[in-house]
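The structure appears right after this line, and notes come after that.
The values are calculated or read from the model by the stated rules, or taken from the named source; none is laboratory data. What you see is a predicted model, and the numbers here were worked out from it, not measured in a lab. Reconstructed Cβ throughout: ideal geometry from the backbone, glycine too, with neighbour counts over all protein chains shown. For the accessible areas, the whole protein counts, side chains as well, though only heavy atoms, and no ligand, DNA or RNA atoms are used. Shrake-Rupley method; radii C 1.70, N 1.55, O 1.52, S 1.80 Å.
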Amino acid sequence: MYTLSSRRVLFGAFELDLSTGELRSTATPGPNNKVILREQVFQVLRMLLEREGKIVTREEIKGRLWPNDTVVDFDQSINATIKALRRSLGDSADNPRYIETLARRGYRLMPTIEYLESALGTAPGEVTAEAPLQASSLTGKKVSHYRVLDVIGGGGMGMVFKAEDLKLGRLVALKFLPEEFAGDAVALKRFEREAQTASALNHPNICTIYEIEEHEGQPFIAMELLQGDNLRDYLSASKQKPLPLRELLEISAQICDGLQAAHDKGIIHRDIKPANIFLCKSGTVKILDFGLAKLAGSDWPLESEGAEVAGTPVSKTLSTESLKKALTRTGTTAGTAGYMSPEQVRNEELDTRSDLFSFGIVVYEMACGQRAFTGQTLVDVHEAILHQPPVSARSQNPVLPRSVDLVLAKTLEKDRNRRYRSATELKSDLVRIT
């Protein structure tokens, strides 16, 4: 049985709240970007999300919507429900971007999905509590020396607002820690670490952090306001799947430059994935979200006995198990399941080559239009990362030159000693591809 393990799910340009059936367009900010789906439409979408790209048969839809032999014209009712769902997504049967029809069989969801705010130890399908910062509470108000203009979006690590810097006369993004974590010492430490880590990285391919401030007890980060799309949404919305080779190589080269800048300072990102790669309208590519970053050769700074959280020894604040949950509940575990390196899956000591493996998965997805490692469950995905080589990129996309397969094979080596030693070395092979 397939189940969803988070309250909220991102897919393509949409976010679905699994407890309320509220569908929000992430591409259209503002108060009018939400709809409440009708029950049958919501149930069908939930089934498609549960299967993560695998087929949902018409017979299964019938069983979910009309159990106990309900008397209804099933074919017509299923068709009407799918049509209503496509209308909510702005999709079409003739040129689908979200729901593909498999003739006489059923349907499947086309974009990849990402879970938000899953808590470690939460049972599959269990709903977790959430108390996000309300956009209306800050919009139009002055926060420190910023005036909040609009809400941009939100995720496990907080709400993000567009704002004007009243001192320097520039537009910025303000990222607030969620209200439910404002009194959480571990979450605060992680939030501060993201700001401190990223602010130490001054590079055109890394999102610039300006400062960390506080408003009415809620900390926030002021950062560069970016115009464009993250790579996850771009891949979902793109009509060119896979990406053209030249575009793939240009994006990849810039990511390499950003990674090398971080690695030169001993910083491992640990969560390289399409959602953390931003494609600016100017053509610049930026690496986002250093919330899981750490220094190479170090453990989680809060996990060892005697470590301090806001000046208080860990042993007096949280048990080891509670600490692990607190460290992971604001996002994911140390990485995102489908983009982890084998070392992350095995919970081993990491070095910069872990980021290169995750980056290789991103390159594969751009080259093939699908993920390198998939499975019906988290265990299946981890098993694939640890033991199964990905299908050849050229077999998925025959127009690719053979050299792409060679680069990906070295980047996605299970044994890190056989991978590229640096992002610069990887880039040198990428730029030679024609």
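Is there any pair linking a residue in segment 16-27 that is in contact (Cβ under 8 Å) with a residue 24 or more places away in the chain to one that is surrounded by fewer than 19 Cβ atoms within 10 Å (Cβ to Cβ) and of a type in the set (A, V, I, L, M), with Cβ under 6 Å and at least six apart or on different chains, and which?
Every condition considered, the pairs that remain are 19/127; 23/35.
Let me spell it out: the conditions are (1) modelled with pLDDT under 90; (2) of a type in the set (A, V, I, L, M, F, W, C); (3) crowded, with 17+ Cβ neighbours inside 10 Å; (4) assigned to a loop (DSSP other than H, G, I, E, B), and residue 323 meets all of them except one. Which number is the exception?
If we test residue 323 against (1) modelled with pLDDT under 90; (2) of a type in the set (A, V, I, L, M, F, W, C); (3) crowded, with 17+ Cβ neighbours inside 10 Å; (4) assigned to a loop (DSSP other than H, G, I, E, B), just (4) comes out false.
State which residue is nearest to the chain's Cα centre (by Cα) when the search covers only segment 79-101 and only residues that are in contact (Cβ under 8 Å) with a residue 24 or more places away in the chain and under 20 Å from residue 62 (Cα atoms).
The selected residue is 99.
Given the conditions (1) open to solvent by less than 20 Å² (accessible area, probe 1.4 Å); (2) assigned to a strand (DSSP E or B); (3) at pLDDT below 90, report the number of the one that residue 78 does not fulfil.
(2)
For segment 214-237, state whether one or more residues are assigned to a loop (DSSP other than H, G, I, E, B), open to solvent by 40 Å² or more (accessible area, probe 1.4 Å) and at pLDDT 85 or above.
Scanning segment 214-237, I find at least one residue that is assigned to a loop (DSSP other than H, G, I, E, B), open to solvent by 40 Å² or more (accessible area, probe 1.4 Å) and at pLDDT 85 or above, so the answer is yes.
Got a sec? Which of 126, 180 is modelled with pLDDT under 60, open to solvent by 30 Å² or more (accessible area, probe 1.4 Å) and outside any loop (DSSP other than H, G, I, E, B)? Steps first, please.
Numbers: 126 fails: outside any loop (DSSP other than H, G, I, E, B).
Being modelled with pLDDT under 60, open to solvent by 30 Å² or more (accessible area, probe 1.4 Å) and outside any loop (DSSP other than H, G, I, E, B) holds for just one of 126, 180, which is 180.
How many of the residues making up segment 274-315 are buried (at least 22 other Cβ atoms within 10 Å of the Cβ), out of contact with any strand residue (DSSP E or B) (no Cβ under 8 Å at 6 or more places or on another chain) and at pLDDT 90 or above?
0
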